[in-house]
Amino acid sequence: MPYVDGFVVPVPKRKLQTYRRLAAKAGKIWREHGAVDYWECVADDVKVGTLTSFPRSVKLKSGETVLFSWIVFKSRAHRDQVNAKVMADPRLSALMDGKTAPFDVKRMIYGGFKSLVRLS
């Protein structure tokens, strides 16, 4: 069963195209190093919930939107191998400067997930 790294990121709407360019470059790097699939999706039908929601999870501010993203790997071991290569890639370091990132990296939520159910 595949292994997935998932992300929820708040992005200022005015910086969405900048984020898109960054994500396209980052996705290319992950795929070159072996990731099976790479997705970046922008909120379309995401309401603020009473207790929890995607907007609440990242403390969404006025003028921002939420991105839901994931990277697919063959297994956790494969993910660890790919991510080690990606993190050592100087192209990614150039993209991930916290001072110039088009989003607040402190409010990004991420983690690794084992597959539970897969229907295809």
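Derivation of every value follows stated rules applied to the coordinates shown; laboratory data play no part. All of these numbers come straight from a predicted model, not from anything done at the bench. Every residue, glycine among them, receives a Cβ derived from its backbone with ideal geometry; neighbour counts consider all protein chains shown.
With a cut-off of 8 Å between alpha carbons and a minimum separation of six or more residues, what is the relative contact order of the chain in percent?
For the chain, the relative contact order is 48 percent.
Lysines near residue 25 by alpha-carbon distance under 16 Å, same-chain residues fewer than 8 away left out - which ones?
15, 85
Computed over the Cα atoms of the chain, what is the convex hull's projected area averaged over all directions, in nm²?
8.2 nm²
Restricting to DSSP H runs of at least four residues, report the calculated mean residue ellipticity at 222 nm for the chain, -39500 (n - 2.57) per run over all residues, nearest 500 deg cm²/dmol.
Helix-only estimate at 222 nm: -10000 deg cm²/dmol.
If you place +1 on the Cβ of every Lys and Arg and -1 on the Cβ of every Asp and Glu, how big does the dipole about the Cα centre of the chain come out, in debye to the nearest 20?
Using only the charged Cβ atoms, the result is roughly 200 debye.
Given a Förster radius of 25 Å and the C-beta distance between residue 21 and residue 117 as r, what FRET efficiency does 1/(1 + (r/R0)^6) yield to the nearest 0.05?
Calculated transfer efficiency: 0.15.
Once the dipole of the chain is set up with Lys and Arg at +1 and Asp and Glu at -1 on Cβ about the Cα centre, which of 2, 41, 51 lies farthest towards its positive end?
The listed residue farthest towards the positive side: 51.
Cα-Cα pairs above 13 Å in region 55-111: how many percent?
The answer is 71 percent, as a whole percent.
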